[in-house]
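Encoded as structure tokens, the structure appears first; notes follow it.
The values are calculated or read from the model by the stated rules, or taken from the named source; none is laboratory data. These figures come from a predicted structure and were not determined experimentally. For neighbour counting, all protein chains shown are included, and Cβ atoms are generated from backbone atoms with ideal geometry for every residue, glycine included.
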Amino acid sequence: MIKIERRDETSNLIYFLTPVLAIFLTLVTGAIIFYLLGFKPLEALKFFFITPISDLYGLSELLVKATPLCLIAIGLSFCFKSNNWNIGAEGQLTFGGIVGGGVALLFYNHEGFYVLPLIILAGAIGGMVFAMIPAILKIYFNTNEILVSLMLVYVSKLLLDYLVVGPWSNPEGFNFPETRQFNDSARLPVLFEGLRIHAGIFIALVSVFLAWIVLFKTYLGFQIKVSGLSLKTAKYAGFKGKTMILLVFMVSGACAGLAGVGEITGPIGQLHRMISPEYGFTAIIVAFLGRLNPIGIVFASLIVALTYLGAETAQIFLQVPKYTGQVFQGMILFFLLASDFLLFFRIKFLGFKKYEY
Amino acid sequence: MNIDINFLGILIGAIMASSVPLILAASGELITERSGVLNLGVEGMMIIGAISGFALMVITDNLFLAIIGSMLSGLLLSLIFGFLTQSLLTNHVATGLALTIFGIGLSAMIGKDFVGIPGKEFPLLFVNLKEVIPLFGPIFFGHSIVFYFAFLLPFGTNYFLKKTKIGLIVRAVGDSPISAANQGINVLLVRYCCILYGGAMCGLGGAYLSLIYTPQWIENMTAGRGWIALALVVFATWSPLKVLVGAIIFGGITILQLHMQAMGIRIPVQFLSALPYIMTIVVLVIISRDSRKIKLNTPTSLGQIFYKEK
């Protein structure tokens with residue numbers, strides 16, 4: 001017989017080591033899947049995880065993809081830590097992109113230094129306002145924020161689709177579903193000539209730093225942590241639950257909005273239908289893999305960005321579909337969640353004697 | 001006039017056909033949710049059902065095997081979800097999302113050799129009646145067996161939940177797993193069964209797309225229908241018969257878009273597409289602020305991890 005019981009305490013070391021275990025198990029299972037589909041497993045893994053980052057261009061691409069993931073996941077960590085399930089970051093990213101892009105088009109003929117900050121601010125506010133919808137509905141009508149934030153993803157994506165096909169489409173664009181290319185003054189500067197890595201990475205790094213301070217050094221961070229551990233305790237301590245719900249959603253939405261505006265003013269340079277390859281959903285994996293810890297999220301965003309990059313490389317060299325990266329993203333989260341079981345529970349072997357419940 | 005009536009019949013028939021995958025997936029997910037489990041992996045299980053059904057059809061040339069296989073593959077994928085959330089007590093939301101992401105990726109990998117292969121004609125029933133009876137002919141006849149199954153399913157689900165003992169047990173587990181367990185009900189077993197059933201129905205919904213509705217394999221061909229099915233369960237306030245009504249409304253919106261484009265009506269299609277999602281949010285607000293309404297059918301323990309100290 002075996003018996004499962006809750007552990008009294010969990011060691012901090014194991015807490016941060018299980019993500020490594022999850023990544024290892026993902027690689028092993030990935031190799032098995034590649035083998036079953038008729039590829040040489042080690043060669044496939046090499047194309048997936050080593051080839052893409054073996055030159056400077058690849059490393060720059062890795063950071064380009066990790067930047068939005070990191071930003072969104074930082075925001076999500078505020079929500080998840082306090083037990084608020086915002087899973088609509090993809091929608092907040094899109095809406096931030098729409099508002100930021102709208103400002104960029106509005107200031108199309110301006111070339112001042114103020115244009116870019118204005119666009120970025122607009123994007124952050126856009127994402128923030130969009131995230132306030134599920135928060136306010138949750139506070140006043142007791143609606144489920146998971147479902148509302150999820151539904152809004154599709155609403156914002158369809159709105160973007162409408163805008164780039166219709167009123168905002170490039171007048172000289174032969175009816176392609178895209179806006180004009182933004183002016184140079186509306187673009188985030190590229191850091192190195194010939195590479196795509198852009199100044200957006202600094203926005204991400206600053207947000208990591210700020211998140212660390214807020215979460216670990218302020219009263220608000222303490223409130224968030226307590227509410228996540230026990231809502232009853234939080235109420236007993238007299239924390240204002242409603243204000244906090246609104247606040248964490250606003251932080252989370254602003255981060256997603258920043259990621260969206262960072263994409264359109266950075267690598268993309270215009271609005272079109274596909275401004276994000278589901279970064280908003282993938283960032284949920286990043287937040288979990290990083291253990292909702294700002295530093296952890298930085299590492300996690302690099303690892304998950306590699307699955308995007310690896311899928312692109314493998315598509316070229318192995319002719320696998322670009323969606324292959326998602327197999328790895330899904331598996332990482334499966335294994336991570338599964339290994340959490342060992343963190344919080346212990347399995348006791350009791351021999352084969354029948355025992356009393 | 002005759003032509004108009006026939007056109008109306010064909011239009012309604014098309015709306016009903018487009019709502020079939022939604023009815024199947026939503027009915028399955030409804031049972032899962034009524035047992036207190038929120039599985040956000042609907043889209044992933046549907047797309048895996050779509051590719052497995054199509055691949056089996058190409059390999060075995062047997063449509064019956066293809067249908068069974070699609071249900072089994074949806075079931076297998078939901079088994080991952082069941083094992084993680086029920087046995088390893090993982091978070092329902094995160095696990096379900098991982099399932100969808102994983103399913104979309106895996107289906108594309110499996111399907112890479114099946115892109116561009118033409119599908120097979122699926123046998124349709126009562127084709128001769130379709131031509132004979134005006135209006136009702138094209139609505140009710142000349143459809144596949146899966147179509148008829150889908151439209152009977154909500155009635156069966158309703159009967160199961162309201163009139164049978166097992167249905168009562170499922171509801172009890174969803175509303176209060178702890179009291180159910182104290183009554184001697186094996187909560188884990190019930191939830192596993194509901195999760196697997198939900199997976200099988202999602203798989204079937206996916207197979208309807210790749211075998212019958214648009215008989216071919218296209219990457220990501222479910223195109224968000226899984227998320228609409230999830231919305232539908234909420235929209236229907238967890239009541240099987242309302243799933244039927246909701247699916248026809250949501251399916252109707254899809255078909256209407258196509259016709260409006262053809263007729264040149266100047267309402268942006270995107271606004272119509274967004275309607276199901278906006279309507280779901282409105283319904284959520286209405287049912288959530290009235291605690292009596294939400295108590296009526298909503299499984300109280302939805303999405304909560306159940307763990308019984310032994």
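Pick from the stretch B:3-23 the residues that are aliphatic (A, V, I, L, M) and over 15 Å from B:Gly246 (Cα atoms): which of them is surrounded by the fewest Cβ atoms within 10 Å (Cβ to Cβ)? Here the answer is B:Ile3.
So for the stretch A:292-306 (the condition being more than 9 Å from chain B (Cβ to nearest Cβ), small (Gly, Ala, Ser), more than 26 Å from A:Cys255 (Cα to Cα) and in contact (Cβ under 8 Å) with a residue 40 or more places away in the chain), does at least one residue qualify? Within the stretch A:292-306, not a single residue is more than 9 Å from chain B (Cβ to nearest Cβ), small (Gly, Ala, Ser), more than 26 Å from A:Cys255 (Cα to Cα) and in contact (Cβ under 8 Å) with a residue 40 or more places away in the chain.
When the stretch A:237-269 is filtered for residues that are on the phi > 0 side of the Ramachandran plot and in contact with a helix residue (DSSP H, G or I) (Cβ under 9 Å, 6 or more places away or on another chain), only A:Gly269 remains. Among the conditions (1) out of contact with any Gly (no Cβ under 7 Å at 6 or more places or on another chain); (2) modelled with pLDDT of 90 or more; (3) farther than 16 Å from A:Thr67 by Cβ; (4) surrounded by 21 or more Cβ atoms within 10 Å (Cβ to Cβ), A:Val251 misses just one, which is (1).
On the basis of being more than 9 Å from chain A (Cβ to nearest Cβ), surrounded by fewer than 18 Cβ atoms within 10 Å (Cβ to Cβ) and among the acidic types (Asp, Glu), does B:Glu33 make the cut? For B:Glu33, the condition - more than 9 Å from chain A (Cβ to nearest Cβ), surrounded by fewer than 18 Cβ atoms within 10 Å (Cβ to Cβ) and among the acidic types (Asp, Glu) - is not met.
Please tell me if A:Phe95 is of a type outside the set (Lys, Arg) and within 18 Å of A:Ile275 (Cα to Cα). In short, yes. Just wondering, is there one or more residues in the stretch A:258-267 that are at pLDDT 90 or above and farther than 22 Å from A:Ala131 by Cβ? Checking the stretch A:258-267: at least one residue is at pLDDT 90 or above and farther than 22 Å from A:Ala131 by Cβ. Scanning the stretch A:276-288 turns up no residue that is surrounded by fewer than 19 Cβ atoms within 10 Å (Cβ to Cβ), touching a strand residue (DSSP E or B) at 6+ places or on another chain (Cβ under 8 Å) and within 14 Å of chain B (Cβ to nearest Cβ).
Name the one entry in B:Gly184, B:Gly206 that is assigned to a helix (DSSP H, G or I) and out of contact with any Cys (no Cβ under 7 Å at 6 or more places or on another chain).
Checking each option against the conditions leaves just B:Gly206.
If the condition is being buried (at least 16 other Cβ atoms within 10 Å of the Cβ), over 18 Å from A:Arg291 (Cβ atoms) and of a type outside the set (S, T, N, Q), then the stretch A:205-225 contributes only A:Leu220. Residues of the stretch A:131-158 that are more than 7 Å from chain B (Cβ to nearest Cβ) and over 20 Å from A:Phe78 (Cα atoms): A:Tyr140, A:Ser156, A:Lys157.
Kindly indicate which of B:Lys130, B:Lys112, B:Lys120 is closer than 30 Å to B:Asp4 by Cβ and not polar (S, T, N, Q). Just one listed residue meets the conditions, B:Lys130. The set of residues from the stretch A:214-240 being out of contact with any Ser or Thr (no Cβ under 7 Å at 6 or more places or on another chain), at pLDDT below 80 and closer than 27 Å to A:Phe130 by Cβ comprises A:Leu231, A:Lys240.
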